[in-house]
Amino acid sequence: MSDPNHRIYYVYVLTSVIMAFLIYKSSKAKLVSDEKTFLRFLFPKKVWSHPSAWLDLRYFFFHSLIGKFLIAGFYVAVLVTSFRWASGGISITEATNQSTLSTGQGIALSIAFMIVTMVISDFMAWYCHYLQHKSPLLWQFHKVHHSAEVMHPVSNYREHPIDNLLYNTVLGATYGIVVGATLRFLGYIPSVPALLGIPLLTLAFNAVGYNLRHSHIWLRWPGKWSMIFPSPAHHHVHHSSHPDHLDKNFAFMFPIWDVIFKTYHMPEDNRDVKFGIGEGNAEELTSCTRLYWVPFRDAYRVVQAQIKGVAFNMSKPEPVKDRKNHPAE
């Protein structure tokens, strides 16, 4: 919790708690009796008595020791390789951040570089996330993250290593190409406006209630603002197994991607939001080891079915009202 690059950095947790308190004060009259105090509102029994919540905590430590170790350095390797290719053969260690522009021009270019880099990276993350839901093969691994039936901040880390490898490959290559191309055409890499060692946009994104995205607390920005800035409710809908919410709200930082590609959905309240993956094989994803090996088994079955010609027909899904499983199943 002492690293600002982590989602559960204490500053991000604190800002989320403050926002949760404001929500608590504004909705106190409507709360049920066992949530009347702020602590009970923050840690409701319906969440913390659920086995899914404690599986998240066990998996967090298990995955940190096992899964993260398996992919350590992979992001850096992809970034370095893509940077060298995009920069025309220059090593990232040879790159310089020295600018010959005036202070005003340098600041403007640094801000523009940060925004462009974030926008491109976020679009690639959106597209990667979209494929994880639309590809029957990738879904077998991504459903680990969606199998949580209740959510709290640590649920963010319920991810299969294959998911981690996919994001590291896509985002590492994207960032390496953008930075390498910048060096190639500008002759230097602009410094990114940063605080606590991370870009200001990332800091702002994490500080504005990021940890409520994986929680039971509904927070929706008013009017059209949720189309511009990512509200926690935006991600709640994405995790919902309700038929109207399936394959919606893939964006991370910029919901405009969902608006552009017609995957945006934002109800007025959370009455229909129910976390989980519906009636798939969620009953099997009940231990740390099963969160690892069940996706491999199911991915093998997908490949075998496609080899035999029993392909998953994504172009003709079942009628949405009758569908009980995720459409990629």
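A few points about this structure:
- Note on the stretch 10-65: residues that are under 23 Å from the mean Cα position of the chain (by Cα), polar (S, T, N, Q) and surrounded by fewer than 14 Cβ atoms within 10 Å (Cβ to Cβ) total 1.
- Among (1) within 19 Å of the chain's Cα centre (by Cα); (2) of a type outside the set (Val, Ile, Thr); (3) surrounded by 21 or more Cβ atoms within 10 Å (Cβ to Cβ), the one test that Phe123 misses: (3)
- Subset of the stretch 67-92 that is farther than 24 Å from Leu200 by Cα and among the hydroxyl-bearing types (Ser, Thr, Tyr) - its residue that is modelled with the lowest pLDDT: Ser91
- Residues of the stretch 42-61 satisfying the condition of being part of a loop (DSSP other than H, G, I, E, B) and farther than 20 Å from Gly209 by Cβ: Ser49, His50
- Among the residues of the stretch 128-148, those that are surrounded by fewer than 21 Cβ atoms within 10 Å (Cβ to Cβ), under 12 Å from the mean Cα position of the chain (by Cα) and under 30 Å from Ile189 (Cβ atoms) comprise Cys128, Tyr130.
- Filter result (at positive phi and surrounded by 23 or more Cβ atoms within 10 Å (Cβ to Cβ)) within the stretch 236-261: Asn249
- Annotation: Ile189 fulfils all but one of (1) in a helix (DSSP H, G or I); (2) open to solvent by 10 Å² or more (accessible area, probe 1.4 Å); the unmet one is (1).
- Criterion (surrounded by fewer than 21 Cβ atoms within 10 Å (Cβ to Cβ), touching a residue at least 60 places away in the same chain (Cβ under 8 Å) and touching a helix residue (DSSP H, G or I) at 6+ places or on another chain (Cβ under 9 Å)) met by exactly one of Leu196, Leu219: Leu196
- Test: Ala233 is buried (at least 18 other Cβ atoms within 10 Å of the Cβ), touching a residue at least 24 places away in the same chain (Cβ under 8 Å) and either charged (D, E, K, R) or closer than 19 Å to Gln132 by Cα (or both): no
The values are calculated or read from the model by the stated rules, or taken from the named source; none is laboratory data. Quick caveat, the model's predicted, so the values are computed rather than measured. So basically every Cβ, Gly included, is an ideal-geometry build from the backbone, and we count neighbours across all protein chains shown. SASA here: full protein model, heavy atoms, side chains in, ligands and nucleic acids out. Shrake-Rupley method; radii C 1.70, N 1.55, O 1.52, S 1.80 Å.
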